[in-house]
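**Q** I'd like to ask you about the structure that follows.
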Amino acid sequence: MTVLSLPPIRDALTEHGLLAKKSFGQHFLLDLNITRKIVRLAGISEGQTVIEVGPGPGGLTRALMEAGAKVIAVEMDPRFVPLLEALGTAAPGLLEIIRNDALKVQEADLAEGRGPTAIVANLPYNVGTALLLKWLTGPWQPVSMTLMFQKEVAERITAQVGDDAYGRLAVVVQATAEARIVMDLPARAFTPPPKVTSAVVHLVPFSQRPDPGLLSALEKTTQAAFGQRRKMLRSSLKTLGGTALCEAAGIDPDARAETVDIKGFLALARQVQSGSFSKA
Ligand code: SAM
């Protein structure tokens with residue numbers, strides 16, 4: 001038996017009497033044409049290791065396995081394990097199932113010795129941003145990420161300076177990775193349909209990303225600046241050094257957060273990191 005010859009996922013769900021649980025953010029992709037398209041957009045090559053968070057009944061997992069990926073599937077809901085095990089039996093050696101909370105797993109341990117590892121996931125919306133920040137700013141780095149978000153969150157991730165959605169998330173993400181929306185999906189593509197439209201974001205982390213000290217200064221700076229986004233930086237960044245900090249970074253102290261690009265925020269964060277302006 002191969003993955004291709006398995007019964008449709010909808011039938012497997014019915015057979016096991018499985019209904020989506022709201023508390024786990026479950027909205028399933030049951031159409032293999034959609035999951036195959038996501039895998040194509042992810043650019044996964046045969047033999048590549050992929051961590052998939054929240055495989056659920058396995059629609060995306062199947063498409064990944066069809067493409068020859070070696071999938072490490074991290075799922076919190078144990079009800080899906082029998083369905084996933086059937087997938088693993090159909091294509092021996094291509095699927096490892098980890099029953100755990102993705103917020104708690106150490107990806108470095110999962111991917112050890114596996115070569116460049118990608119992440120592909122139709123994420124539960126309630127933990128999507130937390131997971132993205134863990135993967136972008138934590139100690140382990142994926143080679144790429146192809147992730148489903150609510151469209152509104154996808155727009156905040158990829159926003160450019162001047163866009164309404166430009167804010168902390170855009171700055172922190174784009175200081176560490178190249179990010180773009182590669183696909184929009186209407187609510188009806190999911191079972192059950194969520195209340196919102198969704199979008200797939202493809203991210204490629206920079207090989208040289210800011211060091212942890214600079215990232216932490218960037219988080220502090222963007223929190224202060226966007227926390228009072230209508231105020232001028234000399235005021236919103238007052239506790240971090242105000243006008244002197246802005247001038248040292250080459251940024252107009254009368255500018256507002258929404259007009260400062262990623263480079264500008266990195267320049268401000270470098271000054272914050274230097275400690276020269278702290279009031280302590
Ligand atoms: N990948 C499947 C699909 O596309 O049909 C399911 C996607 S559904 C939006 C999210 C999945 O993530 C569910 O299977 C849910 O049980 C799982 N999940 C929710 N929170 C999780 C967590 N913290 N760690 C791991 N899995 C989680």
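Every number here is computed from the coordinates shown, using simple stated rules; none is lab data. Only a predicted model underlies this, so the values are computations on that prediction, with no experimental measurement involved. For neighbour counting, all protein chains shown are included, and Cβ atoms are generated from backbone atoms with ideal geometry for every residue, glycine included.
**Q** For THR117, list long-range residues whose amide hydrogen, built 1.01 Å from N in the peptide plane, is under 5 Å from its own amide hydrogen.
**A** Those lying under 5 Å, H to H, from THR117 are VAL143.
**Q** In what order do SER144, SER45, SER23 fall by count of nearby beta-carbon atoms within 10 Å, going from fewest to most?
**A** SER23, SER45, SER144
**Q** Efficiency by 1/(1 + (r/R0)^6): what FRET value for ASN100 and ALA20, r their Cβ-Cβ distance, R0 = 25 Å, to the nearest 0.05?
**A** It comes to 0.80.
**Q** Okay, next question. First select every other residue whose beta carbon is under 12 angstrom from the beta carbon of GLN26; then total the charges, Lys and Arg +1, Asp and Glu -1.
**A** +1
**Q** What is the Cα centroid distance between region 169-188 and region 98-163, reported in whole angstrom?
**A** 11
**Q** Which residue, PRO194, PRO139, VAL50, has the largest displacement toward the positive end of the dipole of region 3-205 when charges sit on each Cβ (Lys, Arg +1; Asp, Glu -1)?
**A** Result: PRO194, furthest along the dipole toward the positive end.
**Q** Then there's this: Net charge around ILE157, counting only other residues with Cβ within less than 12 Å of its Cβ (Lys, Arg = +1; Asp, Glu = -1)?
**A** 0
**Q** Give, as a single signed number, the net charge of other residues whose beta carbon lies under 15 Å from the beta carbon of PRO55, with Lys and Arg counted +1 and Asp and Glu -1.
**A** Overall, the nearby charge balance is -2.
**Q** Between 0 and 90 degrees, rounded to the nearest ten: what's the tilt of helix 212-227 against the longest Cα principal axis of the chain?
**A** For 212-227 against the chain, the angle is about 70 degrees.
**Q** Which trypsin sites (Lys or Arg not before Pro) from region 1-76 combine a DSSP loop assignment with at most 16 other Cβ atoms within 10 Å?
**A** Working: sites: ARG10, LYS21, LYS22, ARG36, LYS37, ARG40, ARG62, LYS70; in loops: LYS21.
In loop regions of region 1-76 (DSSP not H, G, I, E or B), the sparsely surrounded trypsin sites (Lys or Arg not before Pro) are LYS21.
**Q** Moving on. Below 8 Å, C-alpha to C-alpha, sequence gap of six or more: please give me the relative contact order for region 163-280 in percent.
**A** Working: 164 pairs, mean separation 29.4, N = 118.
That works out to 25 percent.
**Q** Assuming a viscosity of 1.002 mPa s and a temperature of 20 °C, what translational diffusion coefficient in µm² per second does Stokes-Einstein assign to region 3-205, Rh being the Kirkwood radius over Cα pairs?
**A** Translational D for this selection: 126 µm²/s.
**Q** Stretch ASP163-PHE206 to full length: gain in nm at 0.36 nm per residue minus the Cα-Cα span?
**A** Fully extending the segment from ASP163 to PHE206 adds 13.2 nm.
**Q** Turning to a different aspect of this structure: Nearest 5 percent is fine: what portion of the DSSP beta bridges confined to the chain is antiparallel? Please report the intermediate quantities before stating the final value.
**A** On the way: 16 of 33 bridges.
DSSP beta bridges in the chain are roughly 50 percent antiparallel.
**Q** Nearest 500 deg cm²/dmol is fine: what mean residue ellipticity at 222 nm does the chain get from its DSSP H runs of n ≥ 4 alone, each adding -39,500 (n - 2.57), divided by its residue count? List each step's numbers first, then the result.
**A** On the way: 12 runs with 106 residues, N = 280.
Mean residue ellipticity at 222 nm (helix-derived): -10500 deg cm²/dmol.
**Q** Given contacts defined as C-alpha pairs under 8 Å and at least six residues apart, what's the relative contact order of the chain, whole-number percent?
**A** Computed value for the chain: 15 percent relative contact order.
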